[in-house]
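Reviewing the structure listed below.
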Amino acid sequence: ATTVNEKGRGNGGGRDRYVITPSVTRREWRRGEILIADTSFVHSTVNESDCDARYVLSFSVWHPLLSRLEREGIVKIIDLMKEFDE
């Protein structure tokens, strides 16, 4: 999964500080830039800005070397894990 964080709509005079920490590397979003991170690793995010708004576009992609059978197996495992959590 990839996470893209963009600046929310604030009052223009506040702090702009959105942070994602994938694994052990801390990265901060900068005004006018896009931040992309691999969230398949253990990670955390925090919004330390004065603005409550934050927009995140998140999507998943399959590793290109996985076979159809491997992808189907992963989907089955995820479905079973969801059933277990219910």
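Filter region 29-63 down to the residues that are part of a loop (DSSP other than H, G, I, E, B) and either under 9 Å from the mean Cα position of the chain (by Cα) or of a type in the set (Phe, Trp, Tyr) (or both), then identify the one that is modelled with the highest pLDDT. The residue in question is Trp62.
Taking region 56-74, which residues are touching a residue at least 40 places away in the same chain (Cβ under 8 Å) and either farther than 21 Å from Ile36 by Cβ or surrounded by 11 or more Cβ atoms within 10 Å (Cβ to Cβ) (or both)?
Within region 56-74, the first condition is being touching a residue at least 40 places away in the same chain (Cβ under 8 Å), and the residues that meet it are 56-61.
Across region 56-74, the qualifying residues are Val56, Leu57.
Of all the numbered requirements in (1) of a type in the set (A, V, I, L, M, F, W, C); (2) in contact with a helix residue (DSSP H, G or I) (Cβ under 7 Å, 6 or more places away or on another chain); (3) at pLDDT below 75, Ile20 misses one, and that requirement is (2).
The values are calculated or read from the model by the stated rules, or taken from the named source; none is laboratory data. Note that this is a predicted model, so its numbers are computed, not measured. Ideal geometry is used to build each Cβ from the backbone, glycine not excepted, and the neighbour counts take in all protein chains shown.
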